[in-house]
Amino acid sequence: VDGLERHSRHGTRRRAHDGDRVPAAGPGADGRGPVDVALPAPPALFAGAPERPIAAAEIADKYGVSAHHLAKVLAELARSGILASVRGAGGGYRFIGNAKRLTLMDIIQMFEDFADPTVERGSAASATPVERALGAVLSEIDENTKATFKSITLATMMRLIERQQVSGAAVEHR
């Protein structure tokens, strides 16, 4: 996660809907980057009634993020076909993606550019053995993190959320 967080704090880039690379939206006023805002949105929309659009402001209030920043992220998710945008009174966004196929990494890659970490971590000949060794460890952590994000689908996340809610409710009733 460290590598992913470091990437997002250092001018990362996201992929536009047409495949071109464009500068990422910076952090919102609350300091959260696009991925921090994007990851909770599909589960929030998937958990609701699929036919009922949810307003960006409602999601922003629920997760304590900037409505303006969230709207930009939701628009990108809509352009990618993960969400549908519904205009007008009662409008908002609704999830239309395939929850069994959409992974957390699919969402992250929309907003993050994963540069070769060895380039960033002193793999040059001028790096000391300690720097190279630490770079190798951090690269392995990054690869494990990416593999984990690739293995977790939105459907899996929804099951995890449900289990957390059930276990949280059980703790509250004690």
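Data table
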read-out	value
14 Å beta-carbon shell around Ser151, net charge (K/R +1, D/E -1)	+3
Spatially proximal lysines relative to Lys62 (Cα-Cα < 18 Å; intrachain offsets below 8 disregarded)	Lys72
Nitroxide proxy distance, nm - points 7 Å out along Cα→Cβ at Ala84 and Glu162	2.3
Ranked order, Tyr93, Tyr63 - accessible area, probe 1.4 Å, largest first	Tyr63, Tyr93
Area accessible to solvent at Ile96, 1.4 Å probe radius, in Å²	80
Potential extension, Ala99-Ile141 segment - 0.36 nm per residue separation minus Cα distance	12.5 nm
Value in Å of the Kirkwood radius, where the stretch 39-115 supplies the Cα pairs that are averaged	12.6
Portion, in percent, of the accessible area of the stretch 51-120 that falls on carbon or sulfur, probe 1.4 Å	50
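The values are calculated or read from the model by the stated rules, or taken from the named source; none is laboratory data. Computed from a predicted structure; not experimentally measured. In this analysis, Cβ positions are derived from the backbone assuming ideal geometry, glycine residues included, and neighbour counts consider all displayed protein chains. To get the accessible areas, we keep the full protein, side chains included, count just its heavy atoms, and leave off ligands, DNA and RNA. Shrake-Rupley method; radii C 1.70, N 1.55, O 1.52, S 1.80 Å.
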